[in-house]
1. If Lys and Arg each add +1 and Asp and Glu each add -1, what is the summed charge of the other residues whose beta carbon sits under 14 Å from the beta carbon of residue 235?
2. Using a Förster radius of 25 Å, what is the FRET efficiency between residue 66 and residue 157 based on their Cβ-Cβ separation? Nearest 0.05, please.
3. Mind putting a number on the dipole of segment 188-269 about its Cα centre? Charges go on the C-beta only, +1 for Lys and Arg and -1 for Asp and Glu, and I need it in Debye to the nearest 20.
4. In what order do 41, 139 fall by count of nearby beta-carbon atoms within 10 Å, going from fewest to most?
5. How big is the gap, in Å, between the Cα center of segment 213-289 and the Cα center of segment 26-102?
6. What FRET efficiency comes out for residue 176 versus residue 211 if R0 is 51 angstrom and r is the Cβ-Cβ distance? Round to the nearest 0.05.
7. Listed here are the pairs 34/165; 12/165; 165/267; which of them are more than 21 Å apart at the Cα?
8. When Lys and Arg each count +1 and Asp and Glu each count -1, what net charge do the other residues less than 11 Å away from residue 62, Cβ to Cβ, add up to?
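No value in this document is a laboratory result; all are computed from the given coordinates. Owing to the predicted nature of the structure, the values given are computational and were not obtained by experimental measurement. Note that each Cβ is placed from the backbone with ideal geometry, even for glycine, and that neighbours are counted across all protein chains shown.
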Amino acid sequence: MSQTTLTDISSKRICFFGAGSMAEAIARGLIHEKLVEPAMISMLNRSNETRLTELNERYGVQTIKQGSTNEEYLREADIIFLAMKPKDAVEAIAGLAPLLHTKQLIISVIAGLSISSMERLLSVEQPIVRSMPNTSSTIGLGATGISYSSSVDAEQRLVTEVMFKSIGVNAIVDESLQTSITGVSGSGPAYVYFVMEAMLKAADELGLEPHMARELVVQTVLGAAEMVRVTGEAPEELRRKVTSPNGTTQAALELMAQGGLPEAIIKGMHRSATRAAEIGADMEGSIMK
């Protein structure tokens with residue numbers, strides 16, 4: 001990363017419209033990676049002042065508790081993250097329109113909300129980024145899909161990608177693939193947790209103490225993921241290497257396959273992507289009314 005890029009980001013005022021866990025994760029990443037000073041970040045929500053006090057005390061970010069109004073923070077921002085709950089998004093974004101100027105970069109982390117929908121709500125041509133981070137972003141190991149509107153320039157793209165790299169890895173995709181991103185990585189951590197739940201239940205049935213089972217299962221999942229990352233080998237190849245003919249692993253995998261585990265995972269991921277499209281269609285419908 002060039003010094004110019006770092007300087008460009010550090011000079012930006014960043015406002016998070018919404019102060020939930022994803023907004024906190026991104027703000028934490030920006031501060032931890034020393035991309036932006038806390039005083040350059042503002043966070044706002046509808047009414048939870050306790051939450052705002054907590055964020056100010058934890059990170060040093062600015063809120064209405066420090067004297068400025070929400071409207072002032074939004075007007076003065078160079079970058080605005082839309083991080084409100086989906087149910088509040090349409091009304092909130094429509095109300096945001098009068099406060100904006102055309103050079104502000106809008107970055108949405110709202111699941112299902114399309115760039116065209118945001119453009120209609122804002123009623124002006126605005127550089128807009130649609131993103132889909134996942135919850136592992138809270139520990140800096142997130143995976144984010146990023147799509148750009150035609151108004152986002154090269155500098156804004158670079159700044160966006162550097163910011164999201166502060167909380168993990170990212171993939172630049174055509175917006176039509178955002179529902180696929182949801183099915184793969186957006187909902188992905190829950191699939192792994194679901195498998196871990198089953199492994200912990202089996203470990204209990206096999207007589208292991210809960211604390212021991214948890215440590216073994218967590219380390220097993222962590223180690224397997226790291227093996228894929230570090231070796232660069234395909235999961236199929238790594239699986240083959242640990243599956244001895246007529247051995248214990250082969251016995252387990254054959255039974256899991258017979259139970260339909262691979263097909264269930266694939267179907268579930270497709271359903272997640274379809275559901276993301278359905279949610280987006282519902283939001284589109286509410287805008288058109």
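1. 0
2. For residue 66 and residue 157, the calculated efficiency is 0.20.
3. 160
4. Sorted ascending by nearby Cβ count, the order is 139, 41.
5. If you average the Cα positions of each part, the centres end up 35 Å apart.
6. Working: r = 46 Å, r/R0 = 0.90.
My answer for the efficiency is 0.65.
7. Listed pairs above 21 Å: 165/267.
8. Numbers: positive: 13, 65; negative: 37, 72, 76.
My count for the surroundings of residue 62 gives -1.
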